[in-house]
1. Suppose R0 equals 22 Å. What FRET efficiency, 1/(1 + (r/R0)^6) with r the Cβ-Cβ distance, do PHE46 and LYS67 give to the nearest 0.05?
2. Summing -39500 (n - 2.57) over the DSSP H runs of n ≥ 4 in the chain and dividing by its residue number, what mean residue ellipticity at 222 nm do you reach, to the nearest 500 deg cm²/dmol?
3. Under Stokes-Einstein, with the Kirkwood radius over Cα pairs standing in for Rh, what whole-number D in µm²/s applies to segment 1-60 at 20 °C and 1.002 mPa s?
4. Can you tell me the accessible area per residue over the chain, all protein chains present, probe 1.4 angstrom, in square angstrom?
5. I'd like the Kirkwood hydrodynamic radius of the chain, using the inverse of the mean 1/r over distinct C-alpha pairs, in Å.
6. Can you pull the one-decimal nm distance between simple spin-label points at GLU60 and THR21, each 7 Å off the Cα toward Cβ?
7. What relative contact order, as a whole-number percentage, does the chain give when Cα pairs under 8 Å and 6 or more residues apart are counted?
8. Could you work out the local net charge near LEU49, counting Lys and Arg as +1, Asp and Glu as -1, over the other residues with Cβ closer than 14 Å to its Cβ?
Amino acid sequence: MDSHFIVQEHPGSDFYAIHLTEDSPYPGVRFIYGTVSIKEDPNLGFATLSFSYNINDPGEYEHDLLKDDEDFNNYLGELLTHIIEQGTIERAERDTDTRT
């Protein structure tokens, strides 16, 4: 999924935007993730990822249709999961390399 997005500075904001590339199912869309939370259910043995987002540029798509599209929302969830997992792996590798 690394080829599906580019992280870009967002002018006038402290947040970075995610720009979806031609490799993604929604090329040209640019958005910013908002609040992210992970809720664990120890009884059931799984966690639920919740997030909000703001579409800055819908590309060739209709903004309101994207917001209501279940496939688009699921894709953004999968992408966020990937970004979190990659960040966790990279941090673990970096922390391991710096210990003496």
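1. Details: r = 26 Å, r/R0 = 1.19.
So, using R0 = 22 Å, E works out to roughly 0.25.
2. Numbers: 2 runs with 35 residues, N = 100.
Rounded to the nearest 500, the figure is -12000 deg cm²/dmol.
3. On the way: Rh = 13.1 Å.
Roughly 164 µm²/s, to the nearest whole number.
4. On the way: 7140 Å² over 100 residues.
Per residue, the chain has 71 Å² of solvent-accessible surface.
5. Details: mean 1/r = 0.0660 Å⁻¹.
Hydrodynamic radius (Kirkwood, Cα only) of the chain equals 15.1 Å.
6. Here the answer is 1.8 nm between the modelled labels.
7. Details: 117 pairs, mean separation 17.3, N = 100.
Across the chain, relative contact order equals 17 percent.
8. Numbers: positive: LYS39; negative: GLU40, ASP41, GLU78, GLU85.
Net of charged neighbours comes to -3.
The values are calculated or read from the model by the stated rules, or taken from the named source; none is laboratory data. In this text the structure is predicted, and so the values were computed from the model without any measurement. Methodologically, a virtual Cβ is constructed for each residue, glycine included, from the backbone with ideal geometry; neighbour enumeration extends over all protein chains shown. To get the accessible areas, we keep the full protein, side chains included, count just its heavy atoms, and leave off ligands, DNA and RNA. Shrake-Rupley method; radii C 1.70, N 1.55, O 1.52, S 1.80 Å.
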